Amino acid sequence: MGQSHADAFKRAALLYKLPMEPVLYMLAEQNDVLAAEKAQKFGFVHSTGDCGFFNDPHLPYSWRCEKKLAGTGALGDLGAHTISIAQYLAGSLQSVCTQGQTFFPERMVAAHDAGYGSKVDLNNPVWKKVENEDQVQSLVKFVSGAGGVIEASRITAGKVFGCSWEINGTEGTIILDGERFNELKVFSQKHPKKERGFKTIYAGSQVAQYNAFFGFDFAGGGLGYFDVKVIEVHDLIAGIASGKGCYRTLNSDTRTSVRFMRWNSL
C-alpha cells in the first residue's frame, strides 16, 4: 500500500495554470529561441504575480485574509504561480530574502459569506484585522547561479491577471506578459547587430496543445484562461493513461510548498 501511494503521489498532477501556458510548450520545443543552459547559469529571472482585486477598501473580509485558513496572503495565493514559473524556467531555488507589506490592515465583515459576491453594510460596518500580507517582494538565488526577483501583489491597481515573467541570459532575453500570454517576446544575441530587436512569436498550431483548438496555419488565434484549463485536464488524463506521468506533479511541487513555509517564517 505504501508503494502504491508513493506511485500515485508522483502521477497526480497539480493543475497550476501558469506552467501550462502554451508559450512555455513552444519555448521548450524551440531550442534556437534561447540557449537555455546559459540563461540558467548566468541569467536573471524576474517573475511577478500582480492582481488588483483586493485594491478596494469595500471588499469584505474573507478567508484569504486569515492566517488559520489561508496562511500567507499574496505570497501563497499569487506567489504560488510566480515561484512555480521561476522554478520552471531556471531550476530550483537556493536562497531567498523576502519582505511583505499590508496596506489594508482591516476589512469590513460581510453579513453573509457569498464569496466574491459578498456585501457589507456601510452604515454599520464591522471591522476585522487582516492577518497576512497584501504584497511581497523577494530577492532570490537559484542553484544554477542565476539571480532573480519574485514579486506578488493582490492590490496592484489596473492589473487583472498580471502574472508575468522575464528571463535574461547570455544569449538573449525572453518576456511573457501574463495578460497577453499567447505572445512571447524574444531577443537573441545570435542575430546580426543591424537586425537585433525584440520580436513577437505568437503561439498557435505549432504547439500541439493549441492545434486541437486551431488546426489551421500558425499563430494568431489566441486562447483564454479557461481554454488552458482544458489543456491541463487533457495532459493530466494523457499522463496517467500513458504511464509517462504529468507536469506539474504533487511530487515536484513540494519544492514550492517548502519555499512557502520558509518565506512565511521570515
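The values are calculated or read from the model by the stated rules, or taken from the named source; none is laboratory data. Every value quoted in this text rests on a predicted model; they were computed, and no experiment measured them. Positions of Cβ are generated from backbone atoms using ideal geometry, with glycine treated the same way; all protein chains shown enter the neighbour counts. We work out accessible area using only protein heavy atoms, side chains counted, and drop any ligands, DNA or RNA first. Shrake-Rupley method; radii C 1.70, N 1.55, O 1.52, S 1.80 Å.
The figures follow:
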quantity: Only listed residue being open to solvent by 10 Å² or more (accessible area, probe 1.4 Å), more than 14 Å from Phe44 (Cα to Cα) and not in a loop (DSSP other than H, G, I, E, B), chosen from Lys128, Lys141; calculated: Lys128
quantity: Filtered residue count, segment 112-125, keeping only those that are in contact with a Ser or Thr (Cβ under 8 Å, 6 or more places away or on another chain) and either open to solvent by 80 Å² or more (accessible area, probe 1.4 Å) or among the β-branched types (Val, Ile, Thr) (or both); calculated: 2
quantity: Of residues in segment 189-209 being outside any loop (DSSP other than H, G, I, E, B), at pLDDT 85 or above and under 18 Å from Leu176 (Cα atoms), the one nearest to the chain's Cα centre (by Cα); calculated: Thr200
quantity: Subset of segment 90-108 that is modelled with pLDDT under 90 and assigned to a loop (DSSP other than H, G, I, E, B) - its residue that is surrounded by the most Cβ atoms within 10 Å (Cβ to Cβ); calculated: Gly91
quantity: Checking Val45 against (1) among the aliphatic types (A, V, I, L, M); (2) assigned to a helix (DSSP H, G or I); (3) within 19 Å of Val140 (Cα to Cα); (4) modelled with pLDDT of 75 or more, the condition it does not meet; calculated: (2)
quantity: First in segment 146-168 and free of Cβ contacts under 8 Å to residues at least 12 places away in the same chain and part of a loop (DSSP other than H, G, I, E, B), second anywhere and surrounded by fewer than 20 Cβ atoms within 10 Å (Cβ to Cβ) and among the polar types (S, T, N, Q), Cβ under 9 Å, 6 or more apart; calculated: none
